[in-house]
Amino acid sequence: MTGTICLWLGLLLSISGFSQADTAYAVIPRPAKLEARAGRFSFTNSTVVRTPAANSELKTIAGNFIRQLHTASGLTLQLQPEPKTAPAGNSLSLVVIEDASLGTEGYRMDIKPTSITIEAAKPAGFFYAVQSLYQLLPPRIFSPTPVTEPVDWSIRACRIEDQPRYGYRGLHLDVARHFFPVSFIKKYIDLLALHKFNVFHWHLTDDQGWRIEIKKYPKLTQVGSRRKETLIGHYYESDPHQFDGQPYGGFYTQEEVREVVQYAAANYVTIIPEIETPGHALAILAAYPEFGCSDGPYETATKWGIFNDVLCPYEKTFTFLEDVLTEVMALFPGPYIHIGGDECPKIAWKKSPYCQTLIRKLKLQNENQLQSYFTARIDKWVTSKGWKIIGWDEILDGNSPAIRVSPGATVMSWRGIGKGIQAARQNHDVIMTPGDFMYLDHYQADRSQEPLAFGRFTPLEKTYSYDPTPEDLPASGQKHILGVQANVWTEYLKTAEQVEYMVWPRAAAVAEVVWTLPEQKNWPDFTHRLPMLFRRLDALQVTYSRAYYDVRA
Ligand code: TNX
């Protein structure tokens with residue numbers, strides 16, 4: 001009870017602006033080191049922004065900051081690409097330093113009453129410093145139009161030293177169950193970048209829809225991107241099924257994909273495309289039934305779930321996948337391509353004379369090993385092109401000494417962390433994405449008050465509590481844990497607002513899990529920074545959940 005009162009009081013104070021100490025440094029994810037200083041730095045029309053003359057990437061970073069500040073405040077800062085002149089008067093300087101300890105993403109930022117100096121070794125470090133700068137400014141810095149009321153465009157002085165705990169910081173979005181337009185994907189990427197994520201995992205294909213144009217196989221989008229109608233209601237077979245009666249569809253042209261890839265790169269975000277194999281493939285089979293084990297007919301799924309009709313490991317199926325991946329590789333920067341691998345039932349393979357003959361011919365013991373063969377085949381081809389595969393943790397299930405996915409395959413541990421630990425012990429790189437913590441399609445509050453979601457309960461505090469360093473893994477295995485990702489499956493998320501509601505603020509907790517050092521991670525401190533996050537999300541016109549407060553009210 002007392003805790004509740006304190007929390008409300010704290011919230012009230014921070015929102016009303018009395019508790020500067022709490023809100024002045026509300027950076028998420030929390031920096032490795034932040035020392036408060038006396039005084040304030042004010043942006044004015046005479047603030048000069050300095051970047052090294054020959055560095056176009058830094059000029060772009062500085063230019064974007066100047067533009068955003070101008071949009072919101074009307075202030076016009078001058079960009080001076082002049083390395084040598086000493087800063088005179090009020091200035092923001094970007095200074096490249098050779099300091100290996102900062103890595104590629106680290107930065108230092110010294111904010112004094114008359115100057116801000118950002119030091120980093122690489123452009124990404126400067127980009128992240130600027131993201132912190134945005135979060136130190138009043139939330140209305142994100143206003144898309146000039147703010148009319150007077151705002152104090154100043155920052156409390158401080159010194160920050162910061163760099164990420166993990167190099168892979170991912171957020172995923174399933175655009176197959178429901179489709180989201182390019183404009184939304186760009187907004188999603190903006191928010192990722194603001195919270196220092198550097199990977200967007202684009203789940204582009206599934207049973208319910210194929211969403212990327214492939215020129216050689218036009219039916220993938222002509223047929224596979226459409227479905228007759230969509231299930232509203234429950235996931236499980238035993239639950240009542242109800243459909244919306246509306247035809248549904250959507251896909252990205254290659255032109256649009258290129259545009260998004262470029263947009264992401266400008267935000268220091270790499271996109272990893274996922275092409276699901278051999279399961280979750282009904283949209284492929286609807287378009288090209290010849291890649292299935294039976295004659296079909298097949299239809300793009302209208303229900304959610306796991307389907308028995310999967311890709312059949314014919315030679316022609318591998319040719320098809322290589323053709324598809326060739327076009328995919330021409331669109332994305334690499335080096336990773338996600339080939340799915342999850343939830344592939346083996347019933348069709350058990351019934352297929354072709355598969356049974358193949359199992360005997362390859363001297364495999366069962367259909368699980370056939371999936372390993374399938375993955376290993378794709379992996380070998382992908383690797384020969386200089387790319388690497390990522391797969392859901394099932395890709396290891398059928399491994400045997402004879403058939404083994406190449407050591408270069410990275411495993412996404414989603415069925416808990418055990419599979420990830422096992423993979424790391426086998427010297428595979430691992431991305432931790434355990435369902436119990438990192439599935440943002442789960443409920444975040446009392447389900448009787450919430451829109452329909454996937455059955456489980458994963459509130460903000462639970463997501464925040466996740467520590468990606470497994471205790472029982474020796475250092476040789478720890479080095480294989482590349483980082484953390486949260487997944488956003490969209491069976492129940494039909495609109496952009498619904499997606500945002502599920503993602504925020506939980507993605508902010510994910511950002512802190514993967515960026516912030518364990519000794520700096522602090523749940524009460526995070527909750528003190530939440531009101532400022534909410535004000536930023538308001539300014540950015542992002543829908544979010546206040547469940548954390550409601551649960552405690
Ligand atoms: C499992 S996680 C799936 C998805 C579903 C999700 C629902 C994973 C690799 N596969 O196909 O959308 O559960 O939470």
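Just a few scattered comments:
- Using the average count of surrounding beta-carbon atoms within 10 Å as a protection proxy, the listed peptides 368-374, 317-323 rank, highest first, as 368-374, 317-323.
- Dipole magnitude of the stretch 292-433 about its Cα centre (Cβ charges: Lys, Arg +1; Asp, Glu -1), debye to nearest 20: 540
- In terms of its Cα atoms, the stretch 224-308 spans 45, 31, 21 Å along the principal axes, sorted from long to short.
- Within straight-line cross-link reach of LYS215, aspartates and glutamates at Cα separation under 19 Å, skipping those fewer than 8 residues along the same chain: ASP206, GLU255, GLU256, GLU259, GLU274, GLU276, GLU290, GLU322, ASP323, GLU327
- If only the Cβ of Lys and Arg carry +1 and only the Cβ of Asp and Glu carry -1, the dipole of the stretch 33-162 around its Cα centre is close to 260 debye.
- Over 19 Å between alpha carbons, listed pairs LYS228/LYS303; LYS303/LYS350; LYS59/LYS122: LYS303/LYS350
- Cut-off under 5 Å, modelled amide H: who pairs with ILE212 long-range: TYR252
- Amide H contacts under 5 Å for ILE306, placed H, 5+ residues apart: none
- Extension gain for ALA100-THR383 works out to 98.9 nm (0.36 nm per residue, less the C-alpha to C-alpha distance).
- Note on GLU255 and TYR354: the model spin-label points, each 7 Å out from Cα along the C-beta direction, lie 3.6 nm apart.
- On the beta carbon distance between ASN522 and THR319, with R0 = 60 Å, the FRET formula returns roughly 0.65.
- Peptide packing for 299-306, 382-389, 149-156, 124-131 was compared via the average number of neighbouring C-beta atoms within 10 Å per residue; ordered from the highest value, the list is 124-131, 299-306, 382-389, 149-156.
- Annotation for ILE347 and ALA38: the two label points, set 7 Å from Cα along the Cα-Cβ direction, are 7.4 nm apart.
- Cα-based Rg / Dmax (Å) for the chain: 24.7, 80
- Neighbours of LYS316, meaning other residues whose beta-carbon lies under 14 angstrom from its beta-carbon, give a summed charge of -2 when Lys and Arg score +1 and Asp and Glu score -1.
- The stretch 33-162, relative contact order in percent, only Cα pairs under 8 angstrom and at least six apart counted: 36
- Taking amide hydrogens as placed 1.01 Å from N in the peptide plane, the amide H of MET412 sits under 5 Å from those of GLY391, TRP392, ASP393, ILE431, each at least 5 positions away in sequence or on another chain.
- Between the listed residues THR205, PHE374, ASN90, the Cα displaced farthest toward the positive end of the dipole of the chain, a dipole computed from Cβ unit charges relative to the Cα centre, is found at ASN90.
- With only the Cα atoms considered, the stretch 33-162 has a convex hull volume of 97 Å³ per residue.
- Computed E for SER294/LYS228 - FRET, C-beta separation, R0 22 angstrom, nearest 0.05: 0.60
- Candidates THR300, VAL175, LEU282 compared by Cα position along the dipole of the chain: farthest toward the positive end lies VAL175, with charges placed on Cβ.
- Options PRO345, ALA54, ILE481, ranked by Cα towards positive dipole end of the chain, top entry (Cβ charges): ALA54
- Net charge in the neighbourhood of GLY209 (other residues with Cβ under 9 Å of its Cβ; Lys, Arg +1, Asp, Glu -1) is +2.
- GLU327/ASP538 FRET efficiency (R0 56 Å; Cβ-Cβ; nearest 0.05): 0.90
- Label-to-label distance for SER406 and HIS70 is 4.8 nm, based on points extended 7 Å past Cα in the beta-carbon direction.
- In a reduced charge model with +1 at each Lys and Arg Cβ and -1 at each Asp and Glu Cβ, the chain shows a dipole moment near 800 debye about its Cα centre.
- Ordering of 341-347, 93-99 by packing is 341-347, 93-99, highest average first (other Cβ atoms within 10 Å, averaged per residue).
- Phi angles across the stretch 496-503 convert, under the Karplus curve 6.51 cos²θ - 1.76 cosθ + 1.60 with θ = phi - 60°, into 3J(HN,Hα) values of 4, 4, 5, 4, 4, 4, 6, 7 Hz, Gly and Pro given as x.
- Estimated Rh, the stretch 64-141: Kirkwood, alpha-carbon pairs, angstrom: 13.4
No lab work stands behind these numbers, since they all come straight from the coordinates. Keep in mind that what you see is a predicted model, and the values were worked out from it rather than measured. Please note: Cβ atoms are built from the backbone with ideal geometry, for glycine as well, and neighbour counts cover all protein chains shown.
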